[in-house]
1. Taking the residues in the range 84-111 that are touching a helix residue (DSSP H, G or I) at 6+ places or on another chain (Cβ under 7 Å) and of a type in the set (Lys, Arg) as candidates, determine which candidate is farthest from Leu127 (Cα to Cα).
2. Quick check, is Asp408 closer than 28 Å to Tyr327 by Cα and without any contact (Cβ under 8 Å) to a residue 12 or more places away in the chain?
3. Give the number of residues within the range 373-400 that are free of Cβ contacts under 8 Å to residues at least 24 places away in the same chain, aliphatic (A, V, I, L, M) and assigned to a helix (DSSP H, G or I).
4. Mind checking which residues of the range 173-232 are over 30 Å from Pro475 (Cβ atoms) and touching a strand residue (DSSP E or B) at 6+ places or on another chain (Cβ under 8 Å)?
5. Among Arg340, Arg334, which is modelled with pLDDT under 95, touching a Cys at 6+ places or on another chain (Cβ under 7 Å), surrounded by 12 or more Cβ atoms within 10 Å (Cβ to Cβ) and assigned by TED's automatic domain parsing to the domain that holds Met217?
6. Residues of the range 451-474 being surrounded by fewer than 18 Cβ atoms within 10 Å (Cβ to Cβ) and part of a loop (DSSP other than H, G, I, E, B), which ones?
7. Scan the range 155-167 and give yes if some residue there is assigned by TED's automatic domain parsing to the domain that holds Cys182, under 19 Å from the mean Cα position of the chain (by Cα) and buried (at least 19 other Cβ atoms within 10 Å of the Cβ), otherwise no.
8. Considering only residues that are touching a helix residue (DSSP H, G or I) at 6+ places or on another chain (Cβ under 8 Å) and of a type in the set (D, E, K, R), which ones fall in the range 131-180?
Amino acid sequence: MSESRVERLVAALDRPSAIPPQQRIFANRNLRLDRAELIGFDMDYTLALYDQPKMEALSIKATVDKLIGDKGYAEAVRSLPFDSRWGVRGLVIDRQTGNTLKPDRYGITGRAYHGTRRLDRATLRELYQRERTRLSNARYAFIDTLFALPEAVMFVAMVDYFDANPEGSPGYELIWDDIRDCIDRAHADGSIKNLIAKDLANYIPRDPELGEALHKMRSTGKRLFLLTNSAWDYTNPVMQYLLDDTVATYPGWRNFFDIVVVSSAKPGFFTMDRPFVDLGADGIPRDTLHPGPFQRGHIYQGGNLKEFEERSGARGDKVVFVGDHIYGDMLRSRKSSAWRTVMILQELEKEIELLDGLQPALASMEELERHLRQLDAEVEEKQVIMGLLQKMDDADDGVEAARTAARDTLARLRDDLLATMSAHEAREQEVDSAFNPFWGSMLKEGREVSKFGDQVEDFACLYTSRVSNFRYYSPMRHFRGPRDRMPHER
């Protein structure tokens with residue numbers, strides 16, 4: 001006989017709370033879920049986690065079709081080597097030079113490529129290390145969503161192609177603008193989403209634990225809402241695929257949610273004053289919007305933050321929003337409201353798996369860094385002593401012997417320093433290549449947190465790899481962020 005729900009709960013009382021590392025939720029700052037009344041979710045790349053290689057292939061094909069058919073690009077573009085490894089979140093496209101860069105949290109570029117050719121240190125220093133890379137500058141485009149990765153992949157390949165065929169080049173800025181325009185139109189006209197909707201299982205791996213995670217939140221009195229930029233005709237089949245028949249007590253996906261908002265136009269939802277449109281229970285627009293609170297079972301379109309808070313009866317830190325987009329979901333909701341935020345980083349599972357396997361290499365790298373600091377200090381100290389010896393009178397007893405000893409010591413230390421620097425560089429390359437042969441870890445740039453990692457820290461109260469990870473945690477959980485420490489406190 002199968003175990004009853006009561007028996008499972010009783011058994012859980014004695015079970016230790018061991019959560020697999022890849023399914024953990026990480027806190028940047030304190031967040032008390034017990035105080036949250038309303039928990040919201042984006043759909044694409046949040047509730048629905050796409051098969052990234054298949055999505056990139058589909059997006060690139062649709063974009064190339066439009067570049068050739070609508071923009072007049074050569075047919076040869078179709079056969080370019082579009083290598084997905086060239087696209088990671090946190091890259092910056094320099095529209096003027098055709099370069100792709102990866103800045104750290106301070107806006108200093110640690111590495112850059114022109115097409116697939118890595119820029120040497122002198123060029124890197126001249127172009128990008130004399131000042132910070134400011135994302136507000138229209139010269140730059142920031143790759144911060146999984147949807148945008150194909151754009152970087154295509155740009156890298158097309159820079160190489162047009163550098164080899166300059167007579168047909170429209171220029172780097174126009175190449176980028178054309179890629180952006182074509183991929184946007186491919187999403188907007190259904191070239192991509194229509195194909196996905198016809199074969200959801202091929203593009204969206206179904207998470208069998210998602211329904212249970214949402215049910216667990218509802219079971220403690222939380223209200224849930226869906227807030228997506230996707231239109232109703234795409235949202236409905238995707239959500240049916242994700243949640244229908246996952247929990248016996250929910251007849252359909254809409255029963256999980258108290259409020260459903262589609263075509264929300266984030267980030268404009270948080271900053272503009274677009275009205276809500278009531279699509280009723282059948283997805284057909286009404287002439288007038290029902291006054292008062294949102295009606296459960298109705299679908300709403302568009303809208304804005306102020307009216308959402310009024311109609312939902314929850315505002316500020318009583319609302320937690322879960323999304324995947326730094327700008328559209330995290331930054332704008334944090335700057336325009338006091339909503340608390342949770343970011344879904346689909347890549348995090350792989351990053352944590354790699355980090356676990358790289359612990360010996362990371363420990364070795366830290367040891368090499370400690371040795372480098374010690375050697376730097378010793379070399380600097382011995383240089384001072386050597387300088388003092390050089391100023392002493394040659395006639396003084398033992399001066400020449402002391403100089404010889406100092407020179408020998410300095411030579412030995414410098415050799416050790418060079419060897420240690422070489423070993424550290426090799427170890428750093430080993431670690432970087434394990435994540436990505438061109439860009440390293442998504443969340444790091446050299447010794448520093450990457451610009452993308454910095455934004456995750458700044459704008460996401462919590463982050464995790466998938467929504468279903470919440471099943472491991474109580475909906476009343478008090479997530480505690482790490483204590484901020486300055487170097488002298490460590």
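1. Filtering the range 84-111 for residues that are touching a helix residue (DSSP H, G or I) at 6+ places or on another chain (Cβ under 7 Å) and of a type in the set (Lys, Arg), the one farthest from Leu127 (Cα to Cα) comes out as Arg89.
2. Numbers: closer than 28 Å to Tyr327 by Cα: no; without any contact (Cβ under 8 Å) to a residue 12 or more places away in the chain: yes.
In short, no.
3. Step one: of the range 373-400, the residues free of Cβ contacts under 8 Å to residues at least 24 places away in the same chain are 373-374, 377, 380-381, 384-385, 387-400.
From what is left, the residues that are aliphatic (A, V, I, L, M) are 377, 384-385, 388-389, 392, 395, 399.
After this cut, where a residue has to be assigned to a helix (DSSP H, G or I) as well, the list is 377, 384-385, 388-389, 399.
Selection size over the range 373-400: 6.
4. Selection gives Trp176, Arg180, Ala231.
5. Result: Arg340 is the single residue among Arg340, Arg334 that is modelled with pLDDT under 95, touching a Cys at 6+ places or on another chain (Cβ under 7 Å), surrounded by 12 or more Cβ atoms within 10 Å (Cβ to Cβ) and assigned by TED's automatic domain parsing to the domain that holds Met217.
6. Scanning the range 451-474 gives a single hit, Ser474.
7. Step one: list which residues in the range 155-167 are assigned by TED's automatic domain parsing to the domain that holds Cys182, which gives 155-167.
Adding the requirement that they be under 19 Å from the mean Cα position of the chain (by Cα) leaves none.
There is no residue in the range 155-167 that is assigned by TED's automatic domain parsing to the domain that holds Cys182, under 19 Å from the mean Cα position of the chain (by Cα) and buried (at least 19 other Cβ atoms within 10 Å of the Cβ).
8. Passing the criteria: Asp144, Glu151, Asp178, Arg180.
The values are calculated or read from the model by the stated rules, or taken from the named source; none is laboratory data. Quick caveat: nothing in here was measured; it's all calculated off a predicted structure. Because the Cβ atoms are built from the backbone with ideal geometry, glycine has one as well, and the counts that use them run over all protein chains shown.
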